[in-house]
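The values are calculated or read from the model by the stated rules, or taken from the named source; none is laboratory data. Predicted model, so just to flag it, every value in this text is computed and none were measured. Cβ coordinates were reconstructed from backbone atoms using ideal geometry, including for glycine residues, and neighbour counts include every protein chain displayed.
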């Protein structure tokens, strides 16, 4: 869980993660890694990444924006 998760929301967030099997589900982790890998290989566009895994796409997009600012 991200450190910036508000304290009053942590318990509910943790319960939701466990209920949806998002904490330690190796299948889900493998799938998300696969989508990210496809994006890195140019087999999936950023728009496509947003369709299948919006949180990873947002992180990639944020990193791309940081990188582009550093290049200017």
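Brief remarks follow.
- Residue within the stretch 21-37 that is out of contact with any strand residue (DSSP E or B) (no Cβ under 6 Å at 6 or more places or on another chain), loosely packed, with under 10 Cβ neighbours inside 10 Å, at pLDDT 90 or above and on the phi < 0 side of the Ramachandran plot present: no
- Extreme residue, modelled with the highest pLDDT, among residues of the stretch 5-20 that are outside any helix (DSSP H, G or I) and either farther than 26 Å from residue 64 by Cα or in contact with a strand residue (DSSP E or B) (Cβ under 9 Å, 6 or more places away or on another chain) (or both): 6
- Taking residues in the stretch 1-18 that are over 18 Å from residue 55 (Cα atoms), and partners anywhere that are in a loop (DSSP other than H, G, I, E, B), the pairs with Cβ atoms closer than 8 Å and at least 6 places apart or on different chains are 10/1.
- Per-region count, the stretch 41-72, residues within 13 Å of the chain's Cα centre (by Cα) and over 15 Å from residue 31 (Cα atoms): 7
- Pair list, Cβ under 8 Å, 6 or more apart: the stretch 53-72 residue more than 20 Å from residue 35 (Cβ to Cβ), other residue exposed (fewer than 10 other Cβ atoms within 10 Å of the Cβ) and at pLDDT below 90: none
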